[in-house]
1. Could you give the length gained on full extension between R585 and R678, defined as 0.36 nm per residue of separation minus the Cα-Cα distance, in nm?
2. Quote to one decimal, in nm, the extra length available between Y363 and Y724 on full extension: 0.36 nm per residue of separation minus the C-alpha distance between them.
3. So, for the chain, what is the accessible surface per residue at a probe of 1.4 Å, expressed in square angstrom?
4. Given that compact globular proteins tend to follow 2.2 N^0.38 Å, what is the ratio of the alpha-carbon Rg of segment 501-606 to that value?
5. Counting other Cβ atoms within 10 Å of each Cβ, which trypsin sites (Lys or Arg not before Pro) in segment 252-297 have at most 16 and sit in a DSSP loop?
6. Determine the alpha carbon to alpha carbon distance for each of K449/K630; K60/K176; K176/K219; K171/K199; K219/K280 and list only those over 23 Å.
7. Suppose R0 equals 30 Å. What FRET efficiency, 1/(1 + (r/R0)^6) with r the Cβ-Cβ distance, do W467 and Y383 give to the nearest 0.05?
8. Stretched out fully, how many nm does the piece from Y530 to L340 gain, at 0.36 nm a residue minus the Cα gap?
Amino acid sequence: MQPFLHREKGPCPFFSNASHDKGVRPLFLLIGCVCTMVVLAGSASAQQVAPGIDNVISEKQQRVGESHYTFEGGVEIKLGNSEIYADKAELFYEQDRALLTGNVVFVQGANRIAAERADFNTKTRLGMFYNATGIATVQPQRQTPRPGAVAPPPLAGQETDVYFYGDTVEKVGPKKYRITNGGFTTCVQPTPRWMLTSKTVVLNLDHYTLLRDAVLSVKGVPMFYTPVLYYPTKREDRATGFLLPTYGSSTIRGHSLHNAFFWAIDRSQDATFLHDWFSKTGQGVGSEYRYNFGAGSDGNIRTYLLNETLTPADGTTDTASSSRSYELRGSANQLLPGGLRARGRIDYFSSIQTMQTFNTNIYDTSRNQRSFGGNVVGAWSSYSLNATVDHAEYFYSTSSGISGSWPRLAFARNERPLGGTPLYFSVGSEYAGLLQDSKDILQKIEVDKSLTRVDFTPQVRFPFKKWQWFTVNSSLSWRDTFYTRSKQNNPATNQETILDEGLNRRFFTAQAQIVGPVFNRIWDTPNNGYAEKFKHSVEPYVNLQRTSSIDNYTRIITIDGTDSIVGGTTQYNYGVTNRFYAKQRDGQRSQAREILDVQVDQTYYTDSRASQVDQRYSTSFTSFPDASTKPNNFSPIALSVRALPTLDFNTTLRAEFDSRYRSLRTISASGTYSWTGRVQATVGWSKKARIEQLAGFNDPRFLDHSINTSTNVHTKNNRFGSLYSFTYDVLHSNLQQQRITGFYNAQCCGIAFEYLVNNYPAGFIVPSDHRFFLSFTLAGLGNFSPFNGAMNGVPR
């Protein structure tokens, strides 16, 4: 056997430190070096390089046996794309084996292992490292957001390196290691912020890490133990594995632990399986499936099952209620052949009490509706189709109701020019199976008004746009509607009787929408720091509408706006819109932008009944007069304001004033402010005022006055920040909900918390529920938000 190819370091072996003649010494030196090079060259050409080894460099070599060699002093072994460094190496040619001792370092790309000694196979490049430490590069994992929620931006400073150590580190595959009595972390500090230690660690780069008898330590303090831990280390953004759990506590359910397993099925779909444990009430399990097949075909579906026992705050057990409740939420979009698109949705729950006590956001805790449905839409040239099914159920204190369409088919010919005339023609048709069923639990009364309706509406429109400052849009339509059921009013008892008798309704509607004359004024302000120019536009308008008489109006079962049209009525809708523009410089160019919009309008009806069903005013359907109040021929006065003084700030206001009693009916306002993406604040205010003379506004049970706000403050790289929100019931002086969250994300780990208070109305299972949630973040390992909405929107 021939020795391995090597190159020695240091001076030429024939060089001596003894004193020689200055003229002779260079000659001996030259002769000796030439002889050595000749010998080595002849050896290199005759020897056979061992499989897997490209080159060996050392200061000293020795042949021990026929296929056994030792190398000492700065040993470097080249193995393809890998290198090994050691103080001493023993190579066994026939066994493809290398024994390395003293400052052993194995380097493969960006991964490396340092050890006291190693037993390595030079052909398979696998082996055992003793008392070793290492570093491996992996792809960081992303947080799994809730559906509909926006994923938080990536955290700056999170490393992609895993640092590991162990009594032994065995390289069992190209990117797979088995660690004994060791651990790993992604922190680069001398004292890592966190460390996972285990008796056995299987580190499979680009796939997973499996630990047995794992202990999580923070700053050297043991915090968490688990017999098995699966840690994804896949290169892709999504990797299968357990996600970091979230801890929580609440007044109603006690301590809780939320766990999840994430399954990356493939590049287009994934699933998450969850388990929640509550110390007081029971357990819950859930799942979420998401897919995105491209071309607008995507969806998600969430299911949750909760087994629990709710006990009143006084601790009694005789009134405790054990229940099993479920919740389904989801949506889907699917592109179909023939230019069709299908959509589906479901937002369904089995227990309204669970909804109010389990979820964290104020919308879900106050929601009293469950629904599901879907539709198919399509458009071809000038025709369109919309097929819809929807089912909604509402719950109140002692009653419930069902509404929806089962099904609703609408087919329309979109507006097109009529021959060579300036007229435009369109036609709409609809077949609807309408649902309307109400139940009163106390009085045990059920009223079913469900029916089938067929509607047909052709229309001709004539636009007059000869002058820019004055436009008129006129239209004439005819409507024919057939109902399979009708009603009969009994004046003596003021009650309705539903009859299975059909009826047909026909009427004409003529409309004219007049805008103008429009007045404009422009101010040049070259020295103004806000804008170069300002423009004020005043746009008065009048909308006229005449509806022919409907003789059978009192027999029509009113379900939606199509049925509430009052015949024999002329409506005069009048108002004025003020628009303010500012021309501001944006870099090298100037651009005009609307900064303020103020609109005031009102409607007069020749038949006062039409004022009670006008959908343009939010209070029309809540101001039904009682026996002592006559309907008003005038609608409320509506005020709408929208302001956008800067791109960072905008606000809106909507108010309706009663024209008869000269009192405020409702008012709502909201504003949003954003500063450099680091501060976002939203404030909302709404009020329904009390009017003693007007039914619907004189009962305190139906009034409201509330304020809500939300603020998000964080650093540019999301290193740390806080979110705060509350909803306050001004009318009852009750803080309905208050939520505060905070987070801190370091280089390799982070922590986030949330504190939430829900105050419930009198007679509820508890007067208030205080909740607390805590979540840790480890770089490279994903986490999630529990299904009840906790920690949602917090960057982790």
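1. Length difference between fully extended and current span is 31.0 nm.
2. 128.4 nm
3. 52 Å²
4. So the Cα radius of gyration is 1.72 times the expected 2.2 N^0.38 Å.
5. Sites meeting the loop and neighbour criteria: R267, K280.
6. Cα-Cα > 23 Å for K449/K630; K60/K176; K176/K219; K219/K280; rest within.
7. E(calc), rounded to 0.05, equals 0.35.
8. 63.5 nm
The values are calculated or read from the model by the stated rules, or taken from the named source; none is laboratory data. Small disclaimer: the values here were computed from a predicted structure and weren't measured. Positions of Cβ are backbone-derived with ideal geometry, glycine not excepted, and every protein chain shown enters the neighbour counts. With ligands, DNA and RNA removed, areas are computed over all heavy atoms of the protein, side chains included. Shrake-Rupley method; radii C 1.70, N 1.55, O 1.52, S 1.80 Å.
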